[in-house]
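Working notes, beginning with the structure itself.
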Amino acid sequence: MRKGFCAVLAVLLTGSCACAAETAEVVIQDYSFTPSTVVIKPGDTVKWLNKVDNQHTATSGKDGKADGTWDSKRLNNGQSFSYTFEKAGTYPYFCVPHTVFKMQGVVEVKE
Ligand SMILES: [Cu+2]
């Protein structure tokens, strides 16, 4: 009871809550991810949005090797893919069809 009251009071006083999850958007354009590095908190979501006619992917892994954590599959223009990160860590990812162009990015999840 008392704990719950304190949490409500904290939200009322500060106007925010540390537990609120957020979504960071990464735009796919010109064979790159913008921003190429996003820093988020555990529980936050990253949303990749393809804004060009070329098909792209956001695939977890490094140097063209998928690690299986997530894979957007090929996104068409206007399509998006979201993934929620529960654990702190550094998560590199890349675009499968454009590995040779070094089309890659990093998600850093920090407490
Ligand atoms: Cu691509």
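Only the coordinates and a few stated rules stand behind these numbers; no lab work does. The shown structure was predicted, so the numbers you read here are calculated from the model rather than taken from an experiment. Reconstructed Cβ throughout: ideal geometry from the backbone, glycine too, with neighbour counts over all protein chains shown.
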query: Counting just the residues of the range 65-90 that are charged (D, E, K, R) and surrounded by 13 or more Cβ atoms within 10 Å (Cβ to Cβ), which one comes out nearest to the ligand (Cβ to nearest atom)?
result: R74
- prompt: What are the residues in the range 50-60 that are in contact with a Gly (Cβ under 8 Å, 6 or more places away or on another chain) and either among the β-branched types (V, I, T) or outside any loop (DSSP other than H, G, I, E, B) (or both), if any?
  reply: N50, S60
- prompt: Residue check: is Y93 in contact (Cβ under 8 Å) with a residue 12 or more places away in the chain, within 12 Å of the ligand (Cβ to nearest atom) and part of a strand (DSSP E or B)?
  reply: yes
